[in-house]
1. Output the residue which, of all residues in region 175-198 that are free of Cβ contacts under 8 Å to residues at least 40 places away in the same chain and open to solvent by less than 30 Å² (accessible area, probe 1.4 Å), is nearest to the chain's Cα centre (by Cα).
2. Check region 213-228 and report whether any residue there is farther than 20 Å from H370 by Cα, open to solvent by less than 20 Å² (accessible area, probe 1.4 Å) and at pLDDT 95 or above.
3. Of all the helices (runs of 4 or more DSSP H) wholly in region 7-120, which have at least 3 residues that are under 26 Å from I134 (Cβ atoms), at pLDDT below 95 and open to solvent by 40 Å² or more (accessible area, probe 1.4 Å)?
4. Any residue in region 381-398 that is in a loop (DSSP other than H, G, I, E, B) sitting within a Cβ distance under 7 Å of a residue that is of a type in the set (S, T, N, Q) and at pLDDT 90 or above? List the pairs, counting only those 6 or more apart or interchain.
5. Consider only pairs whose beta carbons are under 6 Å apart and that are at least six residues apart or on different chains; among these, list those whose first residue lies in region 215-241 and is in contact (Cβ under 8 Å) with a residue 12 or more places away in the chain and assigned to a loop (DSSP other than H, G, I, E, B) and whose second residue is surrounded by fewer than 19 Cβ atoms within 10 Å (Cβ to Cβ) and among the aliphatic types (A, V, I, L, M).
6. What's the total number of residues in region 18-51 that are of a type in the set (A, V, I, L, M) and either under 16 Å from V393 (Cβ atoms) or within 22 Å of the chain's Cα centre (by Cα) (or both)?
7. Under 6 Å between Cβ atoms, which residue pairs at least 6 apart in sequence (or on different chains) link something in region 320-341 that is of a type outside the set (G, A, S) and buried (at least 20 other Cβ atoms within 10 Å of the Cβ) with a partner that is part of a helix (DSSP H, G or I) and modelled with pLDDT under 95?
8. Confirm whether A206 is among the small types (G, A, S) and not in a helix (DSSP H, G or I).
Amino acid sequence: MEPDNDPDRREETSTAQHCRVDESAFARVPRAPEIPIYAVMIACSKDPSPVKLNLGMGVYRTEDGKPLLLNVVRKAEELLFSDKSANKEYLPITGLTEFRELSAKLIFGTDSPAITENRVTTVQCLSGTGSLRIGADFLAKYYYQSTVYLPEPTYGNHPNFFIAAGLCLRTYRYYDPVTKGLDFQGILEDLASAPLGAVVLLHACAHNPTGVDPTVEQWEEIRQIIRSRGLLPFFDCAYQGFVSGNLEDDAQAVRKFVADGGECLVVQSYSKNMGLYGERVGALSVVCKTADVVTRIESQLKLLIRPMYSNPPIHGAAIAATILKDRNLFNEWKLEVETMTKRLTCMREQLFDALHEKGTPGDWTHILKHVGLFTFSGLKEEQIAFMTREFHVYMSSDG
């Protein structure tokens, strides 16, 4: 019997084998597992209790649990609205030029050698997550080493970016559950044994989800071992200003690595420190050793962005640029960031005092030592389930 070489008939046969006429062509698509943090959100949203509390999302809320729209953002939007010359034309693939330039200055410093020597390219992306994905795709296509080290634990979405890009994941020790602090020796040992050239993901400040950051001195030792091993640092900076209340101080870890003349990738997000969550405002910067490489990298970043979303949205970037370029608005923004950070510190103190006054078993001083939006509480899964069931408090099952 002669083989059937008709491609149309072969396709019909294949389709018939996998799909009945009376069912959807997608009937065999399996249901994906729930994303844990969103499952917490959904469960909380369905709870009719008036005293329910959602502690599962890394977002800033007002005293009554509402989203905060910064005053400086309102002012920036009013200025944009009153500008009769404004339009809604497509942005370039790399985004709003002044936003890109101002973002680089914000994280690296206005006098950064990477900027003055034209050794950095910055592209506007879809917040921090979009920036991470573009960065991961770039590394997968053009970097010689396919191994990426993530801290254990890390932001739950971090592995997804690198897996989707086809990179290999490993972890390095970061959090010590016994001390509820930094496993600094573990970091040094794991990075010292990493293969030459491996990519190392670093949280620039306010580590998500532990709230544990290295000290200035520890950052210097981390920098030295990364550079001595020829590792490539990839910074995720989602909370600039939310540790010290000072934008400059919270950028020091990144600036240490740029000051030594080495290379790195840096992701920025304005979701938290400007409250622009839904506007999806972020940037990816690649710092190079020499200026001649920068234009080539930017040309390839364009080719990665083009088939993914073509170009980024304009409104959020325009808000951020309006604030960053106006001295009065910028100073007002710094004060609002400082106010939010002070409130976070105050809330930690209030929680610690309440636990202490009630004689809650255990040592809760780690709540005071941790920084930013997050704390690893040390609570067990069954304790969290009890709080949710009895007191309508929702949070990640790992504490």
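The values are calculated or read from the model by the stated rules, or taken from the named source; none is laboratory data. Keep in mind it's a predicted model, so treat the numbers as computed, not measured. Every residue, glycine as well, gets a Cβ built from its backbone with ideal geometry; the counts of neighbours run over all protein chains shown. Please note that ligands, DNA and RNA were not included when accessible areas were found on the heavy atoms of the full protein model with its side chains. Shrake-Rupley method; radii C 1.70, N 1.55, O 1.52, S 1.80 Å.
1. Here the answer is I187.
2. yes
3. Values: elements: 7-18, 36-46, 71-82, 97-108, 113-116.
Those helices (runs of 4 or more DSSP H) span 36-46.
4. These pairs meet every condition: H392/S49.
5. G230/L196; Q240/L247; G241/L247
6. Just the residues of region 18-51 that are of a type in the set (A, V, I, L, M), to begin with: 21, 25, 27, 29, 32, 35, 37, 39-43, 51.
Remaining after also requiring either under 16 Å from V393 (Cβ atoms) or within 22 Å of the chain's Cα centre (by Cα) (or both): 35, 37, 39-43, 51.
Summing the residues that are of a type in the set (A, V, I, L, M) and either under 16 Å from V393 (Cβ atoms) or within 22 Å of the chain's Cα centre (by Cα) (or both) in region 18-51 gives 8.
7. none
8. Working: among the small types (G, A, S): yes; not in a helix (DSSP H, G or I): yes.
Taking the combined requirement at face value, the residue satisfies it.
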